Amino acid sequence: MEQLAGRVAVVTGGGDGIGRALSLTLAAEGMDLVIADVRLERASAVAEEARTLGRRALPVAVDVGDRASVEALADAAYAEFGAVQVLCNNAGVVGVSPLTAVEDANWRWLIQVNLWGVVYGLQTFLPRMLDAGQEGHVVNTASSAGLYPGGSGRQGAYVASKYAVVGMTEALAAELEGSPIGATVLCPTATRTDIFHNAFVGRPDTYGGPRPSRGTLADFEARGDVLPEMMDPMLLARRVVRAIRERRRYVVGDTSEVRANVRDRLQRILDDCDWNEE
Ligand SMILES: NC(=O)c1ccc[n+]([C@@H]2O[C@H](COP(=O)([O-])OP(=O)(O)OC[C@H]3O[C@@H](n4cnc5c(N)ncnc54)[C@H](O)[C@@H]3O)[C@@H](O)[C@H]2O)c1
């Protein structure tokens, strides 16, 4: 999809972190925006930032894990702009527990937001985008945890949700071959956002309620705690813009980390194909 200026993008989880970076970067490319987040006040703040870049921006409250809520988002987007060309299914949450300790409610929450959130986004927007017959693009945010599980990250449930998003997007890209709509899966490595804080304090009561956060990035910095190397979400967002233009299937974060770990994972699979059977 070559031309972004004057077109419309929907970004879920657009109120913070990577979604905010995607929203502002797409606005800088001349796109109008629907910024959707479960925290309306955050979506509104990012919409205000996008407007200072001269674009129209509609903030919408959405729970991506709720089909009716995503349908209402699509209705609001089409009512405001009449078309959507870029869909970023980006909202997501994390959990950190060994697999033996993940509560059922937490499993359900991670899958509902990280996987069903993408499914509902696709089911709700993609048929309308295809019917319009215009160039467009879908960006699904997974994670490097959707390409390899990492070491002792204790994120097995999160990994499961993100592998599903990678697989679904690969299948989608194949389905969309020959159509004017492309699909990209965004696989960030550790990125400078407050996802751990947001997902801990923001877990809904129906899934077990809020958990104590160890603090925001700003709290860590104020305490002088050393944070691991993390990517700038704006750099990822610029790569997403290129991926949309060049119809690339993957955007990854730290390229040397991803190269090494993907190679290692594939090598293990290939090694275990070798049975030396007579
Ligand atoms: N930050 C990282 O290191 C990292 C690494 C790999 C993948 N990711 C993925 O990137 C995406 C964005 O994460 P981030 O780091 O920007 O986190 P973030 O917490 O800064 O932003 C996520 C946004 O999604 C919103 N959200 C949460 N649940 C929602 C729901 N049910 N409906 C709608 N909005 C909801 C939050 O309010 C928040 O504003 C996620 O899918 C995450 O899994 C992040």
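Laboratory data are not the source of any read-out in this text; all were calculated from the coordinates shown. From a predicted model like this one, the values you see are computed outputs, not experimental measurements. Here the Cβ is made from the backbone with ideal geometry for all residues, glycine too, and neighbour counts use every protein chain on show.
What's the FRET efficiency of D219 with V262 using the Cβ-Cβ distance as r and R₀ = 30 Å, to the nearest 0.05? Before the final figure, lay out each step's value.
Working: r = 33 Å, r/R0 = 1.11.
According to the calculation, E is roughly 0.35.
Calculate, in nm to one decimal, what E103 and R211 gain on full extension: separation in residues at 0.36 nm each, minus their alpha carbon distance.
Numbers: separation 108, 0.36 × 108 = 38.88 nm, distance 1.30 nm.
Roughly 37.6 nm would be gained on extension.
Among E246, E49, which comes first, then next, by fewest other beta-carbon atoms within 10 Å? List each step's numbers first, then the result.
Numbers: E246 11, E49 15.
With the fewest neighbours first, E246, E49 line up as E246, E49.
Give me the Å³ per residue figure for the convex hull around the C-alpha atoms of region 8-271. Don't jump to the answer; show the numbers that get you there.
On the way: hull volume 34.4 nm³, N = 264.
So the per-residue Cα hull volume is 130 Å³.
Grab the DSSP H runs of the chain that are 4 residues or longer, score each as -39,500 (n - 2.57), total them, divide by all residues and round the 222 nm result to the nearest 500 deg cm²/dmol. Before the final figure, lay out the partial values.
Working: 10 runs with 128 residues, N = 278.
One gets -14500 deg cm²/dmol as the mean residue ellipticity at 222 nm.
Taking the chain as a Gaussian network, Cα atoms linked when under 10 Å apart, which of G117, G82, G156 shows the biggest mean-square fluctuation?
G82
Where in the chain are the DSSP H helices whose alpha-carbon span along the long axis reaches 24 Å or more and whose Kyte-Doolittle mean is at least 0.0? Intermediate results must be reported in sequence, preceding the final value.
Numbers: long enough: 156-175 (28 Å, 0.67).
Within the chain the helices that satisfy the rule are 156-175.
Measure off 7 Å from each Cα along the Cα-to-Cβ vector at A174 and R67, then give the distance between these two points in nanometres to one decimal.
Roughly 2.6 nm, to one decimal.
Arranged by the count of other C-beta atoms within 10 angstrom, fewest first, what order do C88, C273, C187 take?
Values: C88 30, C273 7, C187 25.
Ordered by Cβ neighbours within 10 Å, fewest first: C273, C187, C88.
If you build a Gaussian network model of the chain, linking Cα atoms that sit under 10 Å apart, which residue out of A43, A222, A57 swings the most?
Checking each option, the largest mean-square fluctuation is seen for A222.
Mind checking which of V38, V159, V102 has the largest fluctuation in a GNM of the chain, springs on alpha carbons under 10 Å?
Maximum fluctuation in the GNM of the chain, among the listed residues, is at V102.
Please report E80, E177, E48 as a ranked list, fewest other C-beta atoms within 10 angstrom at the top and most at the bottom.
Fewest-to-most ranking of E80, E177, E48: E177, E48, E80.
Using +1 on the beta carbon of Lys and Arg, -1 on that of Asp and Glu, and nothing else charged, what's the dipole of the chain about the Cα centre, debye to 20? Mind showing how you got there, number by number?
Details: 28 positive and 36 negative charges, 111 e Å.
Charge dipole, the chain, about its Cα centre: 540 debye, nearest 20.
Pull out the extension gain between L130 and R154, defined as 0.36 nm times the separation in residues minus the alpha carbon to alpha carbon distance; nm, one decimal.
On the way: separation 24, 0.36 × 24 = 8.64 nm, distance 3.91 nm.
Taking 0.36 nm per residue and subtracting the Cα distance, the gain is 4.7 nm.
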